[in-house]
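Structure first, then comments.
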Amino acid sequence: MKIPQRLQPLVEDGLVDEVISQLMSGKEATVYMVSTGDHIQCAKVYKEANKRSFKKAAQYQEGRKGRNSRRSRAMEKGSKFGRSQQEESWHNAEVDALFKLADAGVRVPKPYGCYDGVLLMELVVDADGDVAPRLNDITMTAEEAVKQHTELMVHVKRMLCAGIVHGDLSEFNILVDAHGPVIIDLPQAVDAAANNNAKKMLIRDVQNVTNYYAQYEPSLSETRFALEMWALYEAGELLPDTPLTGEFIDSSGEADVDSVLQEISAAFEEEQERLDRISSADAPEE
């Protein structure tokens, strides 16, 4: 295929030998299958900020630190240089998260590096060597649903132990290879300790995944893994090998009804935004 303009510098520098095909295009990035030597990889080309649909990026960027004080000040002021540094921070967040999570034993694509807004990483394939399907594209038995859900809860737990919350986890950014689920799409990953929205995002992540698997095994909808994990995390008792039960009893007393209603309203609005992004995930790039 014709080499996309954003990938041309990588071809000229020898980082990419051939652009084989486009795998998908969404509002945040376009992903291509490329060859490098004898290896087939993914090239994720991030779109510019004014072409992305992440309307609440500030919530995700809370707690991220610039690489030096000058960059941090520029990012805060919103200058031209600051906006360019904000873009670099957005790209680096996914690379940093992938390396950190791979070291923590979380199943994510192996990253190779980010070059001028293009992330090179492992191509996840199925048992036949074809591109692995997204979770939403496969069907399964109740037993398989329970098994995969359990595996994902372990990986979400390991992510939290590594101080990271995905922030946008759902059946649309989980691939399924020959060995099980692989978590992808992490530019919006948040610092669990530094972001005030981390708990809410963790709960939403787990709920999205649980709702999907519950259509195959309804009993999964009764689990409360997110609240269990977060309570252990806040208490400093969550470890990668901590066993989880999926049970949680809230002992904080009577609920604040107004706060609950506000949370429900905010969650509904964010879900609508997520569905809008999903509806365009496979749309052709303009």
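What the table shows:
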{"quantity": "Residue that is nearest to the chain's Cα centre (by Cα) [pool: residues in segment 80-94 that are at pLDDT 60 or above and buried (at least 19 other Cβ atoms within 10 Å of the Cβ)]", "calculated": "Glu94"}
{"quantity": "Filtered residue count, segment 137-150, keeping only those that are surrounded by 14 or more Cβ atoms within 10 Å (Cβ to Cβ) and of a type outside the set (A, V, I, L, M)", "calculated": "5"}
{"quantity": "Any hit, segment 22-45, residues being closer than 22 Å to Pro187 by Cβ, without any contact (Cβ under 8 Å) to a residue 60 or more places away in the chain, hydroxyl-bearing (Ser, Thr, Tyr) and crowded, with 18+ Cβ neighbours inside 10 Å", "calculated": "yes"}
{"quantity": "Test: residue in segment 120-133 that is within 17 Å of the chain's Cα centre (by Cα), assigned to a helix (DSSP H, G or I) and either modelled with pLDDT of 95 or more or more than 14 Å from Gln41 (Cα to Cα) (or both)", "calculated": "no"}
{"quantity": "Answer from Val182, Val209, Val176 - the residue that is out of contact with any Phe, Trp or Tyr (no Cβ under 7 Å at 6 or more places or on another chain), in a helix (DSSP H, G or I) and surrounded by 13 or more Cβ atoms within 10 Å (Cβ to Cβ)", "calculated": "Val209"}
{"quantity": "Hits in segment 215-236 (condition: of a type outside the set (D, E, K, R) and either at pLDDT below 95 or more than 21 Å from the chain's Cα centre (by Cα) (or both))", "calculated": "Gln215, Tyr216, Pro218, Ser219, Leu220, Ser221, Thr223, Ala231, Leu232, Ala235, Gly236"}
{"quantity": "Filter result (under 28 Å from Gly129 (Cα atoms) and either among the acidic types (Asp, Glu) or modelled with pLDDT of 95 or more (or both)) within segment 180-207", "calculated": "Gly180, Pro181, Val182, Ile183, Ile184, Asp185"}
{"quantity": "Verdict on Asp168 being under 28 Å from Glu234 (Cβ atoms) and surrounded by fewer than 20 Cβ atoms within 10 Å (Cβ to Cβ)", "calculated": "no"}
{"quantity": "Spans of strands (runs of 3 or more DSSP E) in segment 1-77 with at least 1 residues modelled with pLDDT under 90 and more than 22 Å from Val165 (Cα to Cα)", "calculated": "18-25"}
{"quantity": "From the options Leu232, Leu202, Leu220, Leu227, residue that is surrounded by 17 or more Cβ atoms within 10 Å (Cβ to Cβ) and without any contact (Cβ under 8 Å) to a residue 12 or more places away in the chain", "calculated": "Leu232"}
{"quantity": "Criterion violated by Val154 - all others in (1) surrounded by fewer than 23 Cβ atoms within 10 Å (Cβ to Cβ); (2) outside any helix (DSSP H, G or I) satisfied", "calculated": "(2)"}
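The values are calculated or read from the model by the stated rules, or taken from the named source; none is laboratory data. Values in this document were obtained by computation on a predicted structure and should not be read as measured data. All Cβ positions, even for glycine, are placed from backbone atoms using ideal geometry, and neighbour counts span all protein chains on display.
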